[in-house]
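The values are calculated or read from the model by the stated rules, or taken from the named source; none is laboratory data. Keep in mind it's a predicted model, so treat the numbers as computed, not measured. As a convention, Cβ positions derive from the backbone with ideal geometry for all residues, glycine included, and neighbour counts pool all protein chains shown. Side chains are part of the model used for accessible areas, which takes the heavy atoms of the whole protein and leaves out ligands, DNA and RNA. Shrake-Rupley method; radii C 1.70, N 1.55, O 1.52, S 1.80 Å.
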Amino acid sequence: GDVRSSPALGSDGTIYVGSNDDLQSIARGYLYAINPDGTRKWYGDLFGAVYSSPSIAADGTIYIGSDKNDVFAFEPDGTLKWVFPTKGDVRSSPAIANDGIIYIGSDDGFLYALNPEGPLHPDGYVKWELALGGPIQSSPSIMPDGVIYVGSNDFNFYAIGGHDKLMESSWPKFRRDLKNQARQPLD
């Protein structure tokens, strides 16, 4: 199907990208892990169309949203780690802070701060959630001082006090880094 998700590159060269399944009568999408030689490593069902781009934590966990109203966390081997339900499509791409907190918006109008261990964390999935003025389809960015910037479909741009800078990993946010270089650094 069509690919509306931008790829993310893992530290080992694995390419992660979302794709929709146009062959079924219901909207369905998948997260693909592709080896650098172009062969498929694995894929995971996201049960809804995919517009979100994946982000990768320092431990290799891959986070992505889908139009099933969920945020998914996958282990590097393709095992589903956890699923967090929102009340709207998740077209925003996650941004991961250095403390592991995942920031992502939803069409339900909330910006979510999710614990990396999902339901196994003492506080559960949600560290906090913040209602903004409308659906959030833009992808958050985290500045070095911890401030989170995100746009909303209410014609506003928000600056939200955070706690930690962007995670140091191969692909912690949409377009990889604060310069939005969307490429791996050259050796």
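Applying the condition of being touching a Pro at 6+ places or on another chain (Cβ under 9 Å) and acidic (D, E) to the range 41-84 and asking which residue is nearest to I101 (Cα to Cα) yields D59.
In the range 117-131, the qualifying residues are those that are more than 17 Å from the chain's Cα centre (by Cα) and small (G, A, S), and the one that is farthest from V150 (Cα to Cα) is G124. Checking the structure you have, find out if any residue of the range 132-139 is farther than 15 Å from W82 by Cβ, open to solvent by less than 10 Å² (accessible area, probe 1.4 Å) and within 16 Å of the chain's Cα centre (by Cα). Yes, there is a match, as at least one residue in the range 132-139 is farther than 15 Å from W82 by Cβ, open to solvent by less than 10 Å² (accessible area, probe 1.4 Å) and within 16 Å of the chain's Cα centre (by Cα). The set of residues in the range 158-182 that are among the aromatic types (F, W, Y), open to solvent by 30 Å² or more (accessible area, probe 1.4 Å) and either modelled with pLDDT under 95 or within 23 Å of A73 (Cα to Cα) (or both) contains only F174. Number of residues in the range 111-131 that are surrounded by fewer than 20 Cβ atoms within 10 Å (Cβ to Cβ) and within 20 Å of F157 (Cβ to Cβ): the value is 4.
Out of the residues in the range 81-93 that are out of contact with any strand residue (DSSP E or B) (no Cβ under 6 Å at 6 or more places or on another chain) and under 15 Å from Y125 (Cα atoms), state the one that is least open to solvent (accessible area, probe 1.4 Å). Of everything passing the filter in the range 81-93, T86 is least open to solvent (accessible area, probe 1.4 Å).
Can F47 be described as more than 11 Å from the chain's Cα centre (by Cα), among the aromatic types (F, W, Y), assigned to a loop (DSSP other than H, G, I, E, B) and within 26 Å of P135 (Cβ to Cβ)? Against the criterion (more than 11 Å from the chain's Cα centre (by Cα), among the aromatic types (F, W, Y), assigned to a loop (DSSP other than H, G, I, E, B) and within 26 Å of P135 (Cβ to Cβ)), F47 qualifies.
Matching residues to (1) buried (at least 20 other Cβ atoms within 10 Å of the Cβ); (2) touching a residue at least 40 places away in the same chain (Cβ under 8 Å); (3) more than 17 Å from R175 (Cα to Cα):
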site: S6; (1), (2), (3): no, yes, no
site: I15; (1), (2), (3): no, no, no
site: Y32; (1), (2), (3): yes, no, yes
site: K41; (1), (2), (3): no, no, yes
site: F47; (1), (2), (3): no, no, yes
site: N69; (1), (2), (3): no, no, yes
site: G78; (1), (2), (3): no, yes, yes
site: A95; (1), (2), (3): yes, yes, no
site: I102; (1), (2), (3): yes, yes, no
